[in-house]
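Chemist: First, the structure itself, so that you have it in front of you.
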Amino acid sequence: MSAQSSIDPGEVAKFEAMAAEWWDPNGKFKPLHMLNPCRLDYLTAQIAAQFGRDLRAPRPFEGLTILDIGCGGGLLSEPMARLGATVVGADAAEGNLPVARLHAEQSGLEIDYRHTTAEAIAAGAERFDVVMAMEIVEHVAVPQAFISTCAELVKPGGLMLCSTLNRNPKSYLVAILGAERVMRWLPVGTHEWSKFITPDELYALIRAAGLEPVDRKGMVFNPITWRWSISERDLSVNYATASVKR
């Protein structure tokens, strides 16, 4: 398998062009800043449950290794480092990494940011307690190849966390028409609806990669409170999954 097998150069270029705005809460990544507390609630709960950690402790993820694939500017890498984890942030868009490194340095955090791919890391010996692939599977060229590589990077007893967008008429209205064309939260063309993946399709990819799905939940935006929340039932647009390597 080529070290670049799951990378879509066009998708990498789109995000590299927006790199300088990663930490601007009102910039082109505003939707991710709004979603981030909800994402972190899901991620931290799943990691704590899998490894028996108490989130009330000062550094509950001390001793855990976490790989953040498609780390961007570090919106998830930094909170995981603050919680005590040893974090590697990997991104195929080289322009994202100086932004991520500078922000981590300013925040007093040590994070190993790398311009690399999941495939390149998998070719080595490193394996991780937790692999996060958040809002990325809908941007890769070959989803099964990508998920299989992520699964390979998980240690036995470890956890893989994914989030993506469901594919149905509602997700087209909300994520494409609403977020890109009406609200102008994202540049037009950020997402391709045909690349969205249903929860059952993602579960099938995960199982084919040798992991066992253990949880999936929706992330739902409330236009009245202007906040995101985790939903047990509504996976119609944004959703996240957790899978383990037995």
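Chemist: Taking only region 217-238 into account, find how many residues are more than 17 Å from M183 (Cβ to Cβ) and without any contact (Cβ under 8 Å) to a residue 60 or more places away in the chain.
Modeler: 5
Chemist: Looking at A57, A100 in this structure, which one is farther than 21 Å from D215 by Cα, out of contact with any helix residue (DSSP H, G or I) (no Cβ under 6 Å at 6 or more places or on another chain) and not in a loop (DSSP other than H, G, I, E, B)?
Modeler: Testing whether each residue is farther than 21 Å from D215 by Cα, out of contact with any helix residue (DSSP H, G or I) (no Cβ under 6 Å at 6 or more places or on another chain) and not in a loop (DSSP other than H, G, I, E, B) leaves just A100.
Chemist: May I pose another question? Return a yes/no flag: does region 130-139 have any residue that is among the aliphatic types (A, V, I, L, M), in contact with an Asp or Glu (Cβ under 6 Å, 6 or more places away or on another chain) and either part of a helix (DSSP H, G or I) or open to solvent by 70 Å² or more (accessible area, probe 1.4 Å) (or both).
Modeler: Looking for residues that are among the aliphatic types (A, V, I, L, M), in contact with an Asp or Glu (Cβ under 6 Å, 6 or more places away or on another chain) and either part of a helix (DSSP H, G or I) or open to solvent by 70 Å² or more (accessible area, probe 1.4 Å) (or both), one finds none in region 130-139, hence no.
Chemist: Further, regarding this structure: Restricting to region 70-94, give me the number of residues that are touching a Cys at 6+ places or on another chain (Cβ under 8 Å) and either at pLDDT below 95 or open to solvent by 10 Å² or more (accessible area, probe 1.4 Å) (or both).
Modeler: The qualifying residues number 1.
Chemist: Let me ask something else. Among what's in region 1-17 and is in contact with an Asp or Glu (Cβ under 9 Å, 6 or more places away or on another chain) and not in a helix (DSSP H, G or I), pick the residue that is modelled with the highest pLDDT.
Modeler: I7
Chemist: Quick one: is G178 assigned to a loop (DSSP other than H, G, I, E, B) and at pLDDT below 90?
Modeler: Against the criterion (assigned to a loop (DSSP other than H, G, I, E, B) and at pLDDT below 90), G178 does not qualify.
Chemist: Further question: Here are T164, T241, T198: which of them is farther than 16 Å from H139 by Cα and in contact (Cβ under 8 Å) with a residue 24 or more places away in the chain?
Modeler: Just one listed residue meets the conditions, T241.
Chemist: Okay, moving on. Working only within region 95-107, note down all residues that are surrounded by 22 or more Cβ atoms within 10 Å (Cβ to Cβ) and polar (S, T, N, Q).
Modeler: N96
Chemist: Which of (1) assigned to a helix (DSSP H, G or I); (2) closer than 24 Å to E105 by Cα; (3) open to solvent by less than 70 Å² (accessible area, probe 1.4 Å); (4) in contact with a helix residue (DSSP H, G or I) (Cβ under 9 Å, 6 or more places away or on another chain) is the odd one out, the single condition A20 does not satisfy?
Modeler: For A20, the exception is condition (3).
Chemist: State the number of residues belonging to region 40-79 that are closer than 19 Å to V154 by Cα and in contact (Cβ under 8 Å) with a residue 40 or more places away in the chain.
Modeler: The qualifying residues number 15.
Chemist: Against the conditions (1) in contact (Cβ under 8 Å) with a residue 12 or more places away in the chain; (2) open to solvent by less than 60 Å² (accessible area, probe 1.4 Å); (3) part of a loop (DSSP other than H, G, I, E, B), where does E110 fall short? Just the number, please.
Modeler: Failed condition: (2).
Chemist: From the list E192, E126, which one is in contact with a helix residue (DSSP H, G or I) (Cβ under 9 Å, 6 or more places away or on another chain), open to solvent by 40 Å² or more (accessible area, probe 1.4 Å) and not aliphatic (A, V, I, L, M)?
Modeler: Going through E192, E126 in turn, just one is in contact with a helix residue (DSSP H, G or I) (Cβ under 9 Å, 6 or more places away or on another chain), open to solvent by 40 Å² or more (accessible area, probe 1.4 Å) and not aliphatic (A, V, I, L, M): E192.
Chemist: Hey, any hits in region 218-228 for a residue that's surrounded by 20 or more Cβ atoms within 10 Å (Cβ to Cβ), within 18 Å of the chain's Cα centre (by Cα) and farther than 28 Å from K14 by Cβ?
Modeler: No, because not a single residue in region 218-228 is surrounded by 20 or more Cβ atoms within 10 Å (Cβ to Cβ), within 18 Å of the chain's Cα centre (by Cα) and farther than 28 Å from K14 by Cβ.
Chemist: Say whether the condition of being open to solvent by less than 30 Å² (accessible area, probe 1.4 Å), touching a helix residue (DSSP H, G or I) at 6+ places or on another chain (Cβ under 6 Å) and assigned to a helix (DSSP H, G or I) is met by at least one residue in region 160-171.
Modeler: Within region 160-171, none of the residues are open to solvent by less than 30 Å² (accessible area, probe 1.4 Å), touching a helix residue (DSSP H, G or I) at 6+ places or on another chain (Cβ under 6 Å) and assigned to a helix (DSSP H, G or I).
Chemist: Restricting to region 23-59, what's the tally of residues that are open to solvent by 20 Å² or more (accessible area, probe 1.4 Å) and within 14 Å of V99 (Cα to Cα)?
Modeler: 2
The values are calculated or read from the model by the stated rules, or taken from the named source; none is laboratory data. Predicted model, so just to flag it, every value in this text is computed and none were measured. Cβ coordinates were reconstructed from backbone atoms using ideal geometry, including for glycine residues, and neighbour counts include every protein chain displayed. Note: areas computed on protein heavy atoms with side chains; ligands, DNA, RNA excluded. Shrake-Rupley method; radii C 1.70, N 1.55, O 1.52, S 1.80 Å.
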